[in-house]
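A short reminder: the numbers here are calculations on the coordinates, not readings from a lab. Note that the coordinates shown come from a computational prediction; the quantities given were computed from them, not determined experimentally. Cβ atoms come from the backbone with ideal geometry, glycine included; neighbour counts cover every protein chain shown.
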Amino acid sequence: MEYKAISVTQLNMYIKNKLAEDEKLMNVLVKGEISNFKHHYTGHLYFTLKDENSLIKCIMFKSFAQNLKFEPKDGMKILLFGSVSVFERDGVYQIYGKSMQEDGMGDLYRAYEELKNKLQNEGLFNVEHKKKIPIMPKCIGVLTSNTGAVIRDIINVSTRRNPNVYIKLYPVPVQGVGAAEKIVEAIKYMNENKQADVLIIGRGGGSLEDLWPFNEEIVARAIYDSQIPIISAVGHETDFTIADFVADLRAPTPSAAAELAVPNIQDIMLKLDGYKTRYRLALKKKIEFMKMRYEKCMTRRVFKEPLQSINEKYIVIDMKVKSLINSIQLKLKDSRTKAIELITKLDSMSPLKTLSRGYSIVSSDNGKVISSVKDIVKDEDINLKFIDGNAKAKIL
Amino acid sequence: MEELNFEQAMEELEKIATELENGKLTLDESVEKFEKGMKLSKKCSEYLDNAEKKITVLIKTDENMEEDDFTI
């Protein structure tokens with residue numbers, strides 16, 4: 001039997017093609033423990049996956065690695081999904097990973113999804129319930145670990161934006177058993193004692209298990225019940241915890257939370273100065289406008305010769321008075337003539353005038369005028385009135 | 001400023017600016033608003049100037065809480 005020699009390259013290429021033909025190897029889910037983990041500066045991940053008896057080389061390229069929700073490290077038990085192929089140069093077969101999950105996290109994921117759905121249906125994530133973050137909080141309460149980068153980042157960013165910021169740290173454990181209870185206690189304490197105007201609740205990135213306290217129902221409800229507005233800053237930008245959904249505002253990172261909670265004092269100062277300028281300009285404009293109106297008024301005749309109009313009015317008044325006097329005098333004259341006429345008429349009708357013509361008035365003793373012969377009785381005393389005196393008489 | 005918090009003061013400042021700028025006020029009213037606005041913005045500035053840097057930590061002691069200075 002004669003063998004035809006082939007090159008190493010040809011052999012590796014042959015094996016690679018053989019493996020590529022196998023559909024099962026195109027999509028495999030492998031569980032194992034990470035070792036020799038290396039995060040290359042190019043962003044690719046190189047590691048070995050092993051169990052008690054065996055190991056296999058693995059690589060995950062940057063495009064997949066950047067979607068990971070946790071930081072893989074040596075000793076971690078994981079589920080790796082990918083395809084098996086040959087790296088021809090080294091003649092090794094390895095897993096080309098596409099995604100990775102922490103082993104045993106399946107239950108946590110399920111619990112997370114269930115709680116998320118439950119609270120969402122209850123309305124805990126509703127936008128209407130979200131409180132406004134005050135623009136100028138007097139005191140910023142921070143609930144996080146008193147060691148580590150989170151509090152340091154928050155202090156750094158806050159003091160840069162407002163050198164006179166007031167930050168109050170309530171240290172809480174941010175992972176592990178009992179952390180959730182401590183976080184709840186802190187939220188309640190801050191509320192009951194009105195310790196801050198806004199709260200930041202945060203921690204750095206970590207595995208789903210690390211972030212778990214922020215996925216617990218008691219924490220979610222404490223955030224929901226808080227009267228103080230809460231900004232959540234849990235994990236990395238890609239980590240979404242239940243706390244993030246319930247919080248009034250979600251910050252992608254603790255630094256971002258500080259930016260959202262602390263106003264940039266320079267901006268506020270500029271704004272205040274801006275108002276002062278606006279007021280000055282507006283008032284100046286108003287005064288100029290009034291001045292213009294005044295000047296326009298002053299060009300009118302009435303202001304130029306103010307007495308003119310008064311004098312004109314005087315003339316009218318004088319004329320009116322004169323005509324008034326005239327009409328009164330006329331009326332007086334009229335009335336006088338009429339009075340004389342009436343007096344003359346009255347005089348002519350006077351009984352005294354009749355007496356002077358020789359008539360006399362007969363009256364009884366009781367003074368009653370007797371105008372009929374029927375009214376007299378024999379021997380009655382009567383009175384006679386003449387023009388120049390009275391006399392008594394007796395009826396015969 | 002005693003009765004207004006910072007948010008309300010800023011809102012008031014904006015309101016005064018708008019009222020002054022639309023020019024419908026009498027001159028007396030304008031002057032009054034101008035003075036009010038200037039006073040308010042001064043108070044806001046003072047509030048910012050007088051704020052004191054405080055970074056504290058709450059420490060639980062038996063049944064009490066104590067507030068201490070915090071340094072990283």
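Between the amide H of residue A:44 and those of A:62, distances stay under 5 Å, these residues lying 5 or more places away or on another chain, with hydrogens modeled in the peptide plane. When you restrict to C-alpha pairs under 8 Å that are six or more residues apart and normalise by the size of chain A, the relative contact order lands at 10 percent. Here the mean projected area of the convex hull built on the C-alpha positions of chain A is 61.7 nm². Based on alpha-carbon atoms, the Kirkwood radius and the radius of gyration of the range A:352-394 give Rg/Rh equal to 0.98. Counting only alpha carbon atoms, the long axis of helix B:27-50 and the longest principal axis of chain B meet at about 20°. Sorted on the mean count of surrounding Cβ atoms within 10 Å across their residues, most packed first, peptides A:93-102, B:8-17, A:113-122, A:345-354 read A:93-102, B:8-17, A:113-122, A:345-354. Computed across the range A:17-120, the Kirkwood hydrodynamic radius from all distinct Cα-Cα pairs reaches 14.8 Å. The spacing between the range B:13-66 and the range A:1-69, judged by their C-alpha centroids, is 65 Å.
Taking a point 7 Å out from the Cα of residue A:96 in the direction of its Cβ, the residues of the range A:29-63 whose backbone N falls within less than 19 Å of it are A:29-30, A:40, A:42-49, A:56-63.
Look at the stretch B:37-46: the mean tally of other chain Cβ atoms within 10 Å of its residues' Cβ atoms is 4.
Between the beta carbons of residue A:332 and residue A:353, assuming R0 = 30 Å, the FRET efficiency works out to 0.50 to the nearest 0.05. The slack between residue A:318 and residue A:115, meaning 0.36 nm per residue of separation minus the straight C-alpha distance, is 63.1 nm. Take the Cβ atoms of residue A:73 and residue B:51, set R0 to 41 Å, and the FRET efficiency comes out at 0.40.
Simple rule: put +1 on each Lys or Arg Cβ and -1 on each Asp or Glu Cβ in the protein assembly as shown, find the dipole, and look at A:262, A:136, A:387; the Cα lying farthest toward the positive end is A:387. Across peptide B:8-19, the average count of Cβ atoms from other chains found within 10 Å of a residue's Cβ is 3. Rounded to the nearest 20, the size of the Cβ-charge dipole of the range A:226-278 about its Cα centre is 360 debye, with Lys and Arg at +1 and Asp and Glu at -1.
Among the DSSP helices (H) of chain A, those spanning at least 27 angstrom by Cα along their long axis with an average Kyte-Doolittle hydropathy of -1.0 or more are A:265-298, A:306-349; this is a geometric and hydropathy rule only. Antiparallel beta bridges, as assigned by DSSP with both residues in the protein assembly as shown, represent about 65 percent of the total such bridges. Charged neighbours of residue A:214, selected by a Cβ distance under 10 Å, balance to -3 (K, R count +1; D, E count -1).
Computed from point charges on the beta carbon alone (+1 for Lys and Arg, -1 for Asp and Glu), the dipole magnitude for the protein assembly as shown about its Cα centre is near 4260 Debye. Between the listed residues A:100, A:7, A:68, the Cα displaced farthest toward the positive end of the dipole of the range A:1-132, a dipole computed from Cβ unit charges relative to the Cα centre, is found at A:68.
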